[in-house]
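Report on the following structure.
The values are calculated or read from the model by the stated rules, or taken from the named source; none is laboratory data. Owing to the predicted nature of the structure, the values given are computational and were not obtained by experimental measurement. Cβ placement follows ideal geometry from the backbone for every residue including glycine, while neighbour counts extend to all protein chains displayed.
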Number of protein chains: 2
Amino acid sequence: MGPRAIVRQLLAGRSREPGPPAAAWAPANLALCKYWGKRDARLNLPVTASLSISLGPLGTNTEVRAAPDARDDVSLNDRRLSPADPFCQRLSAFLDLFRPRGLGFRIATANTMPTGAGVASSASGFAALTLALNDFFGWELDRRRLSILARLGSGSACRSLYDGFVLWRTGRRPDGLDSVAVPLAARWPDLRVGLVLVTAAPKPVSSRAAMAHTVRTAVAYRAWPARAAADLRALRRAIAARDFARFGAVAESNALAMHGLLLDARPPALYWQPGTVAAIRRVWALRADGVPVYLTIDAGPNVKLLFPAAASRAIRRAFPAVQIVAPFAGLT
Amino acid sequence: MGPRAIVRQLLAGRSREPGPPAAAWAPANLALCKYWGKRDARLNLPVTASLSISLGPLGTNTEVRAAPDARDDVSLNDRRLSPADPFCQRLSAFLDLFRPRGLGFRIATANTMPTGAGVASSASGFAALTLALNDFFGWELDRRRLSILARLGSGSACRSLYDGFVLWRTGRRPDGLDSVAVPLAARWPDLRVGLVLVTAAPKPVSSRAAMAHTVRTAVAYRAWPARAAADLRALRRAIAARDFARFGAVAESNALAMHGLLLDARPPALYWQPGTVAAIRRVWALRADGVPVYLTIDAGPNVKLLFPAAASRAIRRAFPAVQIVAPFAGLT
């Protein structure tokens, strides 16, 4: 079953008439238990469940309107992109799933995280676009269903439909209609996320390609699903108990284990730069000095820190350029 | 069964009378398919077979004689060590296995690799000591049996009893009498090993402790034995065919997979420093430029290079401080 059939099913009986311009916002999200490996690459269905935290004010604003002609017209951060741009092509392919015959979309999308902030914009981007399309067409879909549509654009986008902690369920159905994102009720206002930038590799490997390569070639991947499931359970327990040390330790070891998988792939894959190891060691040194701080690393060289608000001063001292986010600020 | 019972069995009917001073030499060795994980910690029996290359002129010279009194007296690189020194204690514990009542040993041991060359001296050290003891007591054991004794001091020491490529067989017996090192006949005079030093961590974790921690806590370790066996087969085929690219690729991915296992442990373990990643990236950049060079990394921050002699100039240009070893120089 392909994405078109899923869309047909979800939108059955719903409006497909374009309306007035519509805009939406979605936060970026940081995986604490990583999404690594697809069981279906066309539907972006994951091998394991994952858990993220949405990054409050960092995310994407997207506006959708009908274009004057039949061609898509995409601007990113107020800069109009060439239709040949890979980002445009990926967006247009997603829009094709919903496109009434002859309609071009004018998409204006802007990220509130600085470019190169080390936070992926594809998750918040596809989430915001999906929300805007829901308004634009008047679908009136609930978030659960919207999370399925957003996932078709980018797997982790389904987690960007909510604030706070978000669980992306693996699901069992081949059509993925049960592989949805759901918010966790827990609020943890004291929690902080720090973004530490490390000079990027000149030729990064897409996480999509690295994921497929790992699943195909890493012998250790066989042990990953059980480990990810155990990490997820431990994280949920730690969140429920507001046990920061446990929470941080599980998130950190889950992330490093994912990078361990990459080293097990053939040929090995490495997202780290020298500065990545320097940041890891600095975090470990801080912790040895009694500062409660843990780290996580996505498919890139940057390091993200997890710490309680009270550690902010120590964190700023050790990482003067850190950008600190309060994921629960303003949430009720 | 403990080490004493093994020694009793191997030395049954042999001389245990100290003779005149005896000296021996053993080369250091570099594992191309790593030894990681013990199935018996007292006998240093490995979970998997491993394959190494001996490092020609880098190794250990050891002299053994009777001490004037009943106490052991150890000097390392012409410096007398305190009996409380951990190195002394480890040596004395090993010597206890062979000690006639009331005998103290005077051990003078010297390494030909500079201290901090990034090459472990315990393998060549215990191998040279075992060879010297064989002479000192007049045991007249063959190298196969000596490799068993050396292993009781340090697992990888069994591989330092030979030059060139050496295979350490896993063995199946609980007493480890079939877990022996054997030399491979293949000679590869064109092969070079480059030692690249990276500033070491202030508090390194012993490989012994890290190995035990990995086996106990890394879920991915379950997949390691099968992977190590496949790597070993591939390495042996590549050596037989003198297929350098295959040889290098397998050694490199085996080493990085071992470091991947460390990241999978809980808590994760990391031997790397920023300079480690810088060296990895430099090797990969060289290779992308057409220089045939691969890397391996042991339980430490340093990087070892594998390349054919013709690449030496390019390697020196990229790593001005590299120390280059010709493992087969002078071997017939």
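Things worth noting here:
- For segment B:115-129, the set of residues classified as assigned to a helix (DSSP H, G or I) and of a type outside the set (S, T, Y) consists of B:A123, B:G125, B:F126, B:A127, B:A128, B:L129, listed by residue number.
- The requirement of being under 30 Å from A:Q323 (Cα atoms) and in contact (Cβ under 8 Å) with a residue 60 or more places away in the chain is fulfilled somewhere in segment A:7-24, by at least one residue.
- Of all the criteria given as (1) within 13 Å of chain A (Cβ to nearest Cβ); (2) at pLDDT 95 or above; (3) in contact with a helix residue (DSSP H, G or I) (Cβ under 7 Å, 6 or more places away or on another chain), the one not satisfied by B:V293 is (1).
- Test: residue in segment A:7-22 that is crowded, with 19+ Cβ neighbours inside 10 Å and either touching a Gly at 6+ places or on another chain (Cβ under 8 Å) or under 20 Å from A:I297 (Cβ atoms) (or both): no
- Qualifying residue in segment B:306-313 (condition: touching a residue at least 60 places away in the same chain (Cβ under 8 Å), buried (at least 21 other Cβ atoms within 10 Å of the Cβ), outside any helix (DSSP H, G or I) and not assigned by TED's automatic domain parsing to the domain that holds B:A117): yes
- B:S206 vs. criteria assigned by TED's automatic domain parsing to the domain that holds B:R14 and under 19 Å from the mean Cα position of the chain (by Cα): no
- Candidate set: segment B:314-324, residues that are assigned to a helix (DSSP H, G or I) and under 24 Å from A:P268 (Cα atoms); chosen: the one nearest to the chain's Cα centre (by Cα): B:I315
- Complete set of residues in segment A:170-188 that are crowded, with 16+ Cβ neighbours inside 10 Å and over 21 Å from A:P327 (Cα atoms): A:T170, A:G171, A:D175, A:G176, A:L177, A:S179, A:V180
- Condition check for B:T115 on (1) within 15 Å of the chain's Cα centre (by Cα); (2) more than 20 Å from B:P21 (Cβ to Cβ): one failure, at (1).
- If you go through segment B:268-282 and pick out every residue that is without any contact (Cβ under 8 Å) to a residue 24 or more places away in the chain and within 13 Å of A:E252 (Cα to Cα), you end up with 2.
- Evaluation of A:R42 against (1) crowded, with 19+ Cβ neighbours inside 10 Å; (2) under 21 Å from A:L177 (Cα atoms) (one fails), failing number: (1)
- Test: residue in segment A:51-72 that is at pLDDT 95 or above, of a type in the set (D, E) and assigned by TED's automatic domain parsing to the domain that holds A:R143: yes
- The set of residues in segment B:1-35 being of a type outside the set (G, A, S) and part of a helix (DSSP H, G or I) consists of B:P3, B:R4, B:I6, B:V7, B:R8, B:Q9, B:L10.
- Filtered residues of segment A:63-87 (kept if in contact with a helix residue (DSSP H, G or I) (Cβ under 8 Å, 6 or more places away or on another chain) and surrounded by 11 or more Cβ atoms within 10 Å (Cβ to Cβ)): A:E63, A:V64, A:R65, A:D72, A:V74, A:L76, A:L81, A:P83
- Of the residues making up segment A:277-296, not a single one is surrounded by fewer than 21 Cβ atoms within 10 Å (Cβ to Cβ), touching a Pro at 6+ places or on another chain (Cβ under 8 Å) and part of a strand (DSSP E or B).
- Flag if B:L232 is under 17 Å from the mean Cα position of the chain (by Cα) and at pLDDT 95 or above: yes
- Looking only at residues of segment B:130-157 that are of a type in the set (D, E, K, R) and part of a helix (DSSP H, G or I), we find that the one that is surrounded by the fewest Cβ atoms within 10 Å (Cβ to Cβ) is B:R144.
- In segment A:202-253, the qualifying residues are those that are part of a helix (DSSP H, G or I) and among the acidic types (D, E), and the one that is farthest from A:K304 (Cα to Cα) is A:D231.
- Filtered by the rule that a residue be more than 7 Å from chain A (Cβ to nearest Cβ) and closer than 18 Å to A:Y271 by Cβ, segment B:277-286 gives B:A279, B:R281, B:R282, B:V283, B:W284, B:A285.
- Leading residue by the ranking (nearest to A:T48 (Cα to Cα)) among those in segment A:219-275 that are more than 7 Å from every other protein chain (Cβ to nearest Cβ) and β-branched (V, I, T): A:V250
- Residues being out of contact with any Lys or Arg (no Cβ under 7 Å at 6 or more places or on another chain) and either at pLDDT below 95 or among the hydroxyl-bearing types (S, T, Y) (or both) - total across segment A:163-184: 1
- Some residue of segment B:130-141 being assigned by TED's automatic domain parsing to the domain that holds B:P21 and closer than 19 Å to B:W36 by Cα: no
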